[in-house]
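The values are calculated or read from the model by the stated rules, or taken from the named source; none is laboratory data. A quick note: this is a predicted structure, and the numbers were derived from the prediction, not measured. Note that we place each Cβ from the backbone using ideal geometry, even for glycine, and neighbour counts take in every protein chain shown.
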Amino acid sequence: NGRTNNNTAPVYISEAAAIGPGIIVQKKKDKSTVQFAVHLSGIILGASTSDHFKLEDRDYNFGSGFSLKLSSSLQFKQRLTISLFSEDYFLFSWKGVDDYEVLKQLTINEIDFLNVQGDKSSTMLNLLGLTMKYSLNKRVHVVLRARSFNRNTLYT
């Protein structure tokens, strides 16, 4: 029971099955183009890094939830493009392991049919990114990209 915000562990998240609406708006003026996009998805089956659940080669929790993705880009004279995006994922795992000692005694066959999602938890992951692309000519581009990941998991 408690919060974990572990910046040293690898951060990964999956939307194996998700569905939802989105909208993209684009406006061109002179030699510039601006574009905005918003996508909202219900995550039917997803997964997120776990700080505690370790079983064979599995170190993640299954769950469901939703995601929100926002992006914008601005292009100048078809040479310079600046893009900013944010992705937020919210996953909830309800059926967790109560006794980790029992897991150590399971056979491979029992593990294959284990009916748990991992740890009982709520996970929020934010991915924020910036990309700048400059076209030197039609075949050569210089790209600078920065991304930030932040995961916050509440174990219950």
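Taken over the range 118-148, the criterion of being among the hydrophobic types (A, V, I, L, M, F, W, C) and at pLDDT below 90 is satisfied by no residue.
With respect to the conditions (1) more than 24 Å from residue 48 (Cα to Cα); (2) surrounded by 10 or more Cβ atoms within 10 Å (Cβ to Cβ), residue 152 falls short on a single one, namely (1).
Taken across the range 34-44, residues that are surrounded by 12 or more Cβ atoms within 10 Å (Cβ to Cβ) and modelled with pLDDT under 95 do occur, with at least one present. At pLDDT 95 or above and either among the acidic types (Asp, Glu) or more than 28 Å from residue 18 (Cβ to Cβ) (or both): which single residue out of 80, 84, 70 fits that description? Exactly one residue qualifies, and that residue is 80.
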